[in-house]
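The values are calculated or read from the model by the stated rules, or taken from the named source; none is laboratory data. Predicted model, so just to flag it, every value in this text is computed and none were measured. Quick reminder, even Gly has a Cβ in these numbers, built from the backbone with ideal geometry, and neighbours come from all protein chains shown. When the accessible area is computed, the model is the full protein with side chains, heavy atoms only, and any ligands, DNA or RNA have been set aside. Shrake-Rupley method; radii C 1.70, N 1.55, O 1.52, S 1.80 Å.
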Amino acid sequence: MFNLSKNTNFPFKIAAINLVIVAIFGCILRLQLVYPIKGLVYPYLIHAHSHLAFLGWVFMALFVFLMKAYLPKESLVSGKFFYLFVVFQVANMGMLFTFPFTGYGLWSIVFSALHAFLSMCFATVFIRKAQISLSVKHLESFQFVKWGLLLMVLANLAPLALGPVKAMTGQSDWYYLLIYFYLHFQYNGWFTFAVIGLLLFLVEKAGVNSDNRLLRRFFMLSLVSVFPTYGLSALWLDPSFWIWLISGVSALVQFGGMFYFLLFVIQNKRKMENLLNIHEKVIVLLAVFAFMLKNCLQLGSAFPFAAEFAFANRSIVIGYLHLVLLGFVTLALWFIAFKFNLINSAKPLAKLASGLLVMGLFFNELFLILPAIVGAIPNLSQMLLVASLVMLLGCVLFYFSINHRHERDL
């Protein structure tokens, strides 16, 4: 049995392998549009790609980081976390080998439901254990983490209900509303709150006081707005004026909260800058920029003409999802891995990995957005495939840049 308190690298390597598999699936999806492989069902591949991205990469990386940050060492060597980790991998591999062949079939739903149920168990146990030994200086960051976990539990109600709803109504509006419910509270709830909480943990660890009115306002506005902004995901149903209004005002509240976060960053800029090398500064600034852009795009989607434009151009929606998952969440997780000493960010291999991911993501976003603005672009599918291959290479190099062992404690 591995000791998570001394061997954080091993479980993180598993998460990084999952990221590589996600990138491989992304390349296969792009390849299907250029040189179709007979027997592969495109929507099924999308299900495998997205589920492993959420649950194999982001969830598992957060699982490792949260335990490393907030749990005492005696909890980390507890058998229950080892067994949770193992069963999570069983669920991830089950989804990997069922979704590409069956889509939302019996066994893929069983494995995704298993992961959802276990993640709820993890949230309950983690919050209880972390609060027992929580340091006063980490109270503010833990608020974000705790609510991120609670929002993850809320999001997981959707896949648990997906099977019965599909059986009763087929792929009705309710079916798609459940999928958007899951996506919203994963992206804007669990992922966002947990990542920001971990970034604040690093700031607190460095001696910056987070007991700050700017952060408290940011937290309250973000939490209050995350529930009604789900309405932005349902605008394709052409709801009543009041739904549009509530969703739009909530997006504005969320947008306002972002400025309190930026003011806090500016207020402590010099102290935080001194703790980062150039590579780390670039990665975290890009992640923060993607976070800001995410909030701007959400606010823009509250306007009918912008919402109609986005829903009429599927590539815009795909670009937005990649912006959040790769530009914000993944870059932030890479930065956290640097600061948790899992990867030496000063080494050339780590710098090359980051450069390739950022370059591939930039061209991926560019090639997804341009056709919606300027019209058809020759060889677009081939260019998107190349961008995906560049990101895949970046993810592979990222995996090989992980330290063989945890060189020093956080």
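At least 3 residues being surrounded by fewer than 22 Cβ atoms within 10 Å (Cβ to Cβ), over 21 Å from the mean Cα position of the chain (by Cα) and in contact (Cβ under 8 Å) with a residue 40 or more places away in the chain is the threshold, and among the helices (runs of 4 or more DSSP H) wholly inside segment 17-133 those reaching it are 73-76, 79-96, 99-102, 106-132. Among residues of segment 246-281 being open to solvent by less than 70 Å² (accessible area, probe 1.4 Å) and not in a helix (DSSP H, G or I), the one that is nearest to Leu232 (Cα to Cα) is Asn268.
Against the condition over 26 Å from Met60 (Cα atoms), in contact (Cβ under 8 Å) with a residue 60 or more places away in the chain and either crowded, with 22+ Cβ neighbours inside 10 Å or touching a strand residue (DSSP E or B) at 6+ places or on another chain (Cβ under 9 Å) (or both), how does Leu198 come out, does it pass? For Leu198, the condition - over 26 Å from Met60 (Cα atoms), in contact (Cβ under 8 Å) with a residue 60 or more places away in the chain and either crowded, with 22+ Cβ neighbours inside 10 Å or touching a strand residue (DSSP E or B) at 6+ places or on another chain (Cβ under 9 Å) (or both) - is not met.
Check segment 173-188 and report whether any residue there is open to solvent by less than 30 Å² (accessible area, probe 1.4 Å) and in contact with an Asp or Glu (Cβ under 8 Å, 6 or more places away or on another chain). There is no residue in segment 173-188 that is open to solvent by less than 30 Å² (accessible area, probe 1.4 Å) and in contact with an Asp or Glu (Cβ under 8 Å, 6 or more places away or on another chain).
Of everything in segment 213-245 that is open to solvent by less than 30 Å² (accessible area, probe 1.4 Å) and of a type in the set (S, T, N, Q), the residue that is farthest from Gln143 (Cα to Cα) is Ser233.
Only residues that are in contact (Cβ under 8 Å) with a residue 24 or more places away in the chain and either open to solvent by 70 Å² or more (accessible area, probe 1.4 Å) or part of a helix (DSSP H, G or I) (or both): list them for segment 290-303, please. If the condition is that a residue be in contact (Cβ under 8 Å) with a residue 24 or more places away in the chain and either open to solvent by 70 Å² or more (accessible area, probe 1.4 Å) or part of a helix (DSSP H, G or I) (or both), then Ala290, Phe291, Met292, Leu293, Lys294, Asn295, Cys296, Leu297, Gln298, Leu299, Phe303 are the ones that fit. Restricting attention to segment 162-188, which residues are within 22 Å of the chain's Cα centre (by Cα), modelled with pLDDT of 75 or more and of a type outside the set (Val, Ile, Thr)? Within segment 162-188, Tyr176, Leu177, Leu178, Tyr180, Phe181, Tyr182, Leu183, His184, Phe185, Gln186, Tyr187, Asn188 meet the criteria. Once segment 350-379 is narrowed to residues that are touching a Phe, Trp or Tyr at 6+ places or on another chain (Cβ under 8 Å) and open to solvent by less than 40 Å² (accessible area, probe 1.4 Å), the residue that is nearest to Ala23 (Cα to Cα) is Leu357. Among the numbered conditions (1) at pLDDT 85 or above; (2) in contact with a helix residue (DSSP H, G or I) (Cβ under 9 Å, 6 or more places away or on another chain), the only one that Leu285 does not meet is (2). Only residues that are closer than 24 Å to Ala113 by Cβ and open to solvent by 50 Å² or more (accessible area, probe 1.4 Å) were counted in segment 134-153, giving 2. Considered as a group, the residues in segment 1-12 that are buried (at least 18 other Cβ atoms within 10 Å of the Cβ) and either basic (Lys, Arg) or in a helix (DSSP H, G or I) (or both) include one that is modelled with the highest pLDDT, and that residue is Phe12. Given the structure, is Phe218 touching a Gly at 6+ places or on another chain (Cβ under 7 Å), modelled with pLDDT of 85 or more and closer than 26 Å to Asn274 by Cβ? Yes; evaluated as a whole, the condition is true for this residue. Test Ala306 against the stated conditions and say whether it is farther than 27 Å from Asn212 by Cα, open to solvent by less than 20 Å² (accessible area, probe 1.4 Å) and free of Cβ contacts under 8 Å to residues at least 60 places away in the same chain. No: the conditions fail for Ala306.
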